[in-house]
1. Measure off 7 Å from each Cα along the Cα-to-Cβ vector at Lys31 and Phe70, then give the distance between these two points in nanometres to one decimal.
2. Looking at region 1-72, which trypsin sites (Lys or Arg not before Pro) are DSSP coil and have at most 10 other C-beta atoms within 10 Å of their C-beta?
3. Counting only the backbone N, which residues of region 27-47 are under 19 Å from the spot 7 Å out from the Cα of Ser3 toward its beta-carbon?
4. Among the chymotrypsin sites (Phe, Trp or Tyr not before Pro) within region 1-87, which fall in a DSSP loop and have no more than 13 other Cβ atoms within 10 Å of their own Cβ?
5. What is the distance, in nm, between label points placed 7 Å from the Cα along the Cα-to-Cβ direction at Lys81 and at Val11?
6. Could you work out the local net charge near Ala21, counting Lys and Arg as +1, Asp and Glu as -1, over the other residues with Cβ closer than 14 Å to its Cβ?
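Just so it is clear, none of the values below were taken in a lab; they were calculated from the coordinates. Quick caveat: nothing in here was measured; it's all calculated off a predicted structure. Cβ atoms come from the backbone with ideal geometry, glycine included; neighbour counts cover every protein chain shown.
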Amino acid sequence: MRSLGSRSLIVKADLSRSSGAAAAVRAVHAKLGGPDILVCMASVYDRVRSPKIDERSFRANLDVDLASAFHLARQAAPLMKKAGAGGSSCSPTGCRAAAGLVTAATCRTTSPRPP
């Protein structure tokens with residue numbers, strides 16, 4: 001990205017927690033200003049087949065896929081509004097990921113042929 005003239009920053013944070021999202025947004029704001037746009041792409045990538053996912057893993061996925069979008073938006077929105085950035089946000093994971101997980105688990109479990 002830098003070679004294209006864009007500024008970037010890598011921030012490691014537990015986005016399933018409000019405090020982690022707050023720290024991430026503060027770090028971005030301190031180093032780059034803004035944010036001008038929010039793209040929520042946080043996700044957990046487990047290599048466990050859907051029928052074998054236990055409740056703990058399922059909840060961990062929800063905490064990151066869904067809660068991260070909520071926590072990040074809540075932290076970023078006031079800064080975006082203050083800067084006049086409007087409030088552009090995108091969450092390509094979020095609910096779709098949870099719905100996909102449930103759908104995949106159901107389909108794989110009830111499908112007459114192996115996935």
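1. 2.8
2. Values: sites: Arg2, Arg7, Lys12, Arg17, Arg26, Lys31, Arg47, Arg49, Lys52, Arg56, Arg59; in loops: Arg7, Lys12, Arg17, Arg47, Arg49.
Loop-located and lightly packed - Arg7, Lys12, Arg47.
3. none
4. Tyr45
5. 1.9
6. +1
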